[in-house]
Amino acid sequence: MWFLKVGYATLALPRVYRTKVNRLSNDRVYFSVCPTSPEELPVIRVPRSVQNHFEKVKQSRSKNINTTKAGKLLIQGRNASLNQSAGYTHAKFEQPILCSKGWKHKKSFGDYFTVNNIKSVAPFVAGSEEEGDIKKPLKTFHKLHISGELVETLERLNITHPTTVQLQTIPKVMRGHNILCAAETGSGKTLSYLLPIVHRLHLDEEQDQVGPRKIHAVVVVPSRELAEQVASVSRSLCSPLGLVTRTVGGGRGVGHIRGVFKQGVPDILVATPGALVKALRRRCLDLSYLSFLVVDEADTMFDPSFADMLEDILRHTDIASAPGETRGLARKAQLLVVGATFPGGVGDVLAQVTDLGSMVVIKSKMLHFLMPHVKQTFLKVRGQEKVLELNHYLKRLQQEDGRSGGDAVLVFCNKSATVNWLGYSMEEMGVPHARLQGEMPALVRAGIFQSFQKGTTNVLLCTDVASRGLDTSRVRLVVNYDFPETHTDYIHRAGRVGRAGGCEGGEVLSFVTHPWEVELVQKIETAARRRTTLPGMESEIREPKPVIEETNV
């Protein structure tokens, strides 16, 4: 009888069996038993600790996969062995090894990784995709059958080529369809609805189909800053055509709202939901002649904080259910819902005012993906060190060769109190800046953002009030001083750089401090390595669930 010790167990084997020993490590031995006679094999019990060790060895061997090939790196971190090339593709069931895997441990502070920009041109720029060595020819606005006066106005604004979302959306709007458009931030969605609206109103005016002087288009946006921005674009398009654009926003009383309409009835009204609901309840405006209702930044507008007001606005509007209902004197309003992400609950609300099946859904190819033309860095840092890291990056940006110091920076915080505290710290360090947060009066906020857009100051400390829809074409660097709480917030913040018509070489820097932030970062890194969408994001309109009425039997 032979005795063989494996782990903590001693196995007794008859001499008639020949054993084959395979030593894998210094303290563990694995073996196989081959019978020398046709007798039945004995039962050999292997300790659980030995089995677990064997599984760990198998997993560690399977993980030694080289994800680095020749060419540009997609993921680049402190640990070079975890880098991933842009040309590497993960298998369907292959689990990527993350640079941020151990970031919940306190020893990980100081670690970092970067998702490099693998494209130099934004994917939403029409003609940016290459087919072999031949680039697609750039299309012009003449191809979209827009009036010549509008095209000349766009050329004066140095806008000559439509973006991809504009090529997809404008023809559908001009045919009278209700639209749900979801495309990445900075892709030109504002012009995608304003151009066909202004074209249609100008055409109706020339044909004397406008009717009485009434409001014919309403654009609803979540903030006063965005209302002023959209109105500014609308005025630049409308002024040469004799059309009028006005705004009403929150933060002011009913007297101001009435004063806006006493100046004259505009053709296009840009409003925040609260101000618009006040005006409707006090009968300051009439929407019976409305031709267009636009809900911009839809993911915010369908949020519970705005949903009730939005439903009230929709109830005052006669929405068309088919393109044929948007023509003639008895026309109904077209509904245009626009945003950077698909809003949750959109189906439940829209089903009350129109036929969901008749809505045309326009979805960008890169919707909910990380932007491939923007460099994004994640730094694991202690909370007390974030101010010094921020100051270091701001000074480095100003001292880079070839930089004039005119590049704008957005620094995002999660709370208004953090914005104020960080502002005091920046003052002590001698960093010129401005602050923008939701607790400020509306007029003060509008003035601060306008001065930032004009270049009066280059560093803006802000909350998410500046992350939705605002034109930040000057911005080259976005800093997440506080990491955003959701993937949607991250997409909107990161979308402040790399915009159509903006400066090239945009970057996003995110400070990661807390364990719950690490979980979001790991999902972002996994999506970047697999080149998939960020998890948990809506990508379709969900039909409302049927209401089942209870009956007493």
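Restricting attention to segment 295-307, does a residue exist that is crowded, with 19+ Cβ neighbours inside 10 Å, aliphatic (A, V, I, L, M) and under 25 Å from Val475 (Cβ atoms)? Yes, some residue in segment 295-307 is crowded, with 19+ Cβ neighbours inside 10 Å, aliphatic (A, V, I, L, M) and under 25 Å from Val475 (Cβ atoms). For segment 250-261, the count of residues that are out of contact with any Cys (no Cβ under 8 Å at 6 or more places or on another chain) and within 27 Å of Phe342 (Cβ to Cβ) is nonzero. When residues in segment 75-105 are screened for being under 20 Å from Val512 (Cα atoms) and not in a helix (DSSP H, G or I), 15 of them pass. Any residue that is within 24 Å of the chain's Cα centre (by Cα), in a helix (DSSP H, G or I) and either surrounded by fewer than 24 Cβ atoms within 10 Å (Cβ to Cβ) or not assigned by TED's automatic domain parsing to the domain that holds Val244 (or both) - is there at least one of those in segment 202-213? Among the residues of segment 202-213, not one is within 24 Å of the chain's Cα centre (by Cα), in a helix (DSSP H, G or I) and either surrounded by fewer than 24 Cβ atoms within 10 Å (Cβ to Cβ) or not assigned by TED's automatic domain parsing to the domain that holds Val244 (or both), which makes the answer no. Looking across Ala333, Ala351, one residue alone is among the small types (Gly, Ala, Ser) and within 27 Å of the chain's Cα centre (by Cα). It is Ala351. Between Leu310, Leu290, Leu335, Leu329, the distinction of being part of a strand (DSSP E or B) and not β-branched (Val, Ile, Thr) belongs to Leu335 only. The C-beta contact set for segment 173-194 (first residue at positive phi, second residue assigned to a helix (DSSP H, G or I), distance under 9 angstrom, 6+ apart or interchain) comprises Gly176/Pro323; Gly176/Gly324; Gly176/Glu325; Gly176/Thr326; Gly188/Thr164; Gly188/Val165; Gly188/Gln166. Could you tell me how many of the residues in segment 438-464 are farther than 24 Å from Glu400 by Cβ, touching a residue at least 60 places away in the same chain (Cβ under 8 Å) and not in a helix (DSSP H, G or I)? So the answer is 1.
Here is the figure for segment 232-259: residues that are closer than 13 Å to Lys278 by Cα, touching a Ser or Thr at 6+ places or on another chain (Cβ under 8 Å) and not in a loop (DSSP other than H, G, I, E, B) total 1. Screening Ser425, Ser416, Ser467 for residues that are farther than 22 Å from Asp489 by Cβ and either touching a residue at least 40 places away in the same chain (Cβ under 8 Å) or not acidic (Asp, Glu) (or both) leaves exactly one candidate, Ser425.
The values are calculated or read from the model by the stated rules, or taken from the named source; none is laboratory data. The shown structure was predicted, so the numbers you read here are calculated from the model rather than taken from an experiment. Every residue, glycine as well, gets a Cβ built from its backbone with ideal geometry; the counts of neighbours run over all protein chains shown.
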